[in-house]
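Have a look at the structure below, then the notes.
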Amino acid sequence: MEEFKRLSRDLVAHGAIIDYYQDTIQVPNGNVVKWDYIQHKGAAAVVPVDDKGRLILVRQYRNALDRYTLEIPAGGLNDNEPTKDAAARELTEETGFTAEHIELLITIRTTVAFCNEKIDIYLATGLIPGKQHLDEDEYIRTGAYTVDELTEKIYAGEIQDSKTVAAILAYKDKYMK
């Protein structure tokens with residue numbers, strides 16, 4: 001297998017969620033190139049399923065797209081926080097629900113060409129209603145949808161968020177046979 005060698009990694013900008021680096025890489029033919037690299041602290045997400053089999057999703061404004069999106073609840077990890085704990089935390093914060101049972105559904109890497117972001121996505125069942133605990137900059141509305149409704153929204157281009165698409169289709173494949 002051809003060998004790639006990182007010659008340097010230089011921090012360009014430090015952010016609240018990501019750090020942006022420029023890597024200098026020697027490629028197998030000996031040429032030296034510059035590649036962008038985004039280091040992400042990691043995230044967790046959750047597919048909440050109510051007692052009627054509907055998935056609870058959140059609608060929120062996303063600045064990068066300048067529009068509202070429909071997504072599964074998710075958020076970044078706190079320092080040394082296990083992803084299962086983060087998924088449970090995000091479930092409560094964004095939807096108000098707690099779950100009697102949480103299990104790993106799928107792990108994804110969102111943008112492997114330039115970012116190391118890893119998201120563990122959990123399935124939450126046995127939902128117990130409660131109160132949302134939103135951050136001061138979060139404005140989130142929740143809704144309950146059938147898997148068929150969500151699948152239609154994916155193929156109609158209404159849901160494009162990669163973690164949400166992967167989670168819905170993984171849930172459908174694993175639990176809706």
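Summary of computed values
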read-out	value
Every residue from the range 97-152 that is farther than 21 Å from Arg62 by Cβ and of a type in the set (Lys, Arg)	Lys131
Matching entry among Asp23, Asp50 (being in contact with a strand residue (DSSP E or B) (Cβ under 6 Å, 6 or more places away or on another chain) and more than 21 Å from Tyr171 (Cβ to Cβ))	Asp23
Among the candidates Thr83, Thr110, Thr95, residue that is hydroxyl-bearing (Ser, Thr, Tyr), touching a residue at least 40 places away in the same chain (Cβ under 8 Å) and in contact with a helix residue (DSSP H, G or I) (Cβ under 8 Å, 6 or more places away or on another chain)	Thr110
Residues that are in contact with a Gly (Cβ under 9 Å, 6 or more places away or on another chain), of a type in the set (D, E, K, R) and either surrounded by fewer than 20 Cβ atoms within 10 Å (Cβ to Cβ) or on the phi > 0 side of the Ramachandran plot (or both), drawn from the range 94-116	Glu100
Residue in the range 32-46 that is farther than 26 Å from Lys153 by Cβ, outside any strand (DSSP E or B) and among the hydrophobic types (A, V, I, L, M, F, W, C) present	no
Among residues of the range 54-100, those that are assigned to a strand (DSSP E or B) and of a type in the set (Phe, Trp, Tyr), counted	2
Residue match in the range 121-140 (condition: under 18 Å from the mean Cα position of the chain (by Cα), farther than 13 Å from Val49 by Cβ and polar (S, T, N, Q))	no
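One line per residue, one yes/no per condition, for (1) within 30 Å of Gly75 (Cα to Cα); (2) modelled with pLDDT of 95 or more; (3) exposed (fewer than 14 other Cβ atoms within 10 Å of the Cβ):
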{"residue": "Met1", "(1), (2), (3)": "no, no, yes"}
{"residue": "Phe4", "(1), (2), (3)": "no, yes, yes"}
{"residue": "Asp10", "(1), (2), (3)": "yes, yes, yes"}
{"residue": "His14", "(1), (2), (3)": "yes, yes, yes"}
{"residue": "Tyr20", "(1), (2), (3)": "yes, yes, no"}
{"residue": "Thr24", "(1), (2), (3)": "no, yes, no"}
{"residue": "Asn29", "(1), (2), (3)": "no, yes, yes"}
{"residue": "Val32", "(1), (2), (3)": "no, yes, yes"}
{"residue": "Asp36", "(1), (2), (3)": "yes, yes, yes"}
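The values are calculated or read from the model by the stated rules, or taken from the named source; none is laboratory data. Note that the structure is predicted; figures quoted are calculated from it, not measured. Please note: Cβ atoms are built from the backbone with ideal geometry, for glycine as well, and neighbour counts cover all protein chains shown.
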